[in-house]
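The following block contains the structure, expressed as structure tokens.
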Amino acid sequence: VSEVVFGAKTAFAVDDSHRRGRLVAYGATAAGRYLVVVLDEPTIGLDPLARADVWERVRELREQTGMTVLVTTHYMEEADTLCDRVALMHRGRLVAGGTPGELKAALGPEATLDDVFRHHVGKAIEDEDVTGGGRDVRRTRRAAQRLG
């Protein structure tokens, strides 16, 4: 749990993969005094019941305080149902942004956010796999885990 100060505004960041569910619940409770809450992959590794509980706490927090909640996630269905705006990133660059409805409508009436993600980064990922980019990502992740 960390506190980040931006000028006169304060943000509350939560990230701990070992105690994630409990920490997110604590963060959502303690965050009432902050303007922004940052949740980095808050539901990764959680079972469906725990995931639902985390998102219910986040919804309550937003309704009660009106604060901004910035979430990073690889779960497009979570982003689709929980986020007012979505920014898709690939290799550190913004590749698409808008409301979930806007992003999906640009591809067609049956499109999902998974489809939007594939549309914007799918070819790039295929090209990386051919050129070794996938191996580079795995190597980088292993090094990051090893170094803590």
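The values are calculated or read from the model by the stated rules, or taken from the named source; none is laboratory data. For clarity, every value in this text was computed on a predicted model and none was experimentally measured. When we count neighbours, we look across all protein chains shown, and the Cβ atoms used for this are built from the backbone with ideal geometry, even at glycine. With ligands, DNA and RNA removed, areas are computed over all heavy atoms of the protein, side chains included. Shrake-Rupley method; radii C 1.70, N 1.55, O 1.52, S 1.80 Å.
Exactly one of these conditions fails for Ala111: (1) modelled with pLDDT of 85 or more; (2) open to solvent by 60 Å² or more (accessible area, probe 1.4 Å). Give me its number.
Single failed check for Ala111: (2).
In segment 41-64, how many are in contact (Cβ under 8 Å) with a residue 12 or more places away in the chain, more than 14 Å from Cys83 (Cβ to Cβ) and open to solvent by 60 Å² or more (accessible area, probe 1.4 Å)?
Matching residues across segment 41-64 total 6.
Mind listing whichever residues of segment 82-102 are surrounded by 14 or more Cβ atoms within 10 Å (Cβ to Cβ) and either touching a His at 6+ places or on another chain (Cβ under 9 Å) or in a loop (DSSP other than H, G, I, E, B) (or both)?
Across segment 82-102, the qualifying residues are Cys83, Leu88, His90, Val95, Ala96.
Can you name every residue in segment 49-81 that is closer than 21 Å to Phe117 by Cβ and part of a strand (DSSP E or B)?
Listed by number, the residues that qualify are Val69, Leu70, Val71, Thr72.
Is there a residue being out of contact with any Ser or Thr (no Cβ under 8 Å at 6 or more places or on another chain) and of a type in the set (Phe, Trp, Tyr) anywhere in segment 43-60?
no
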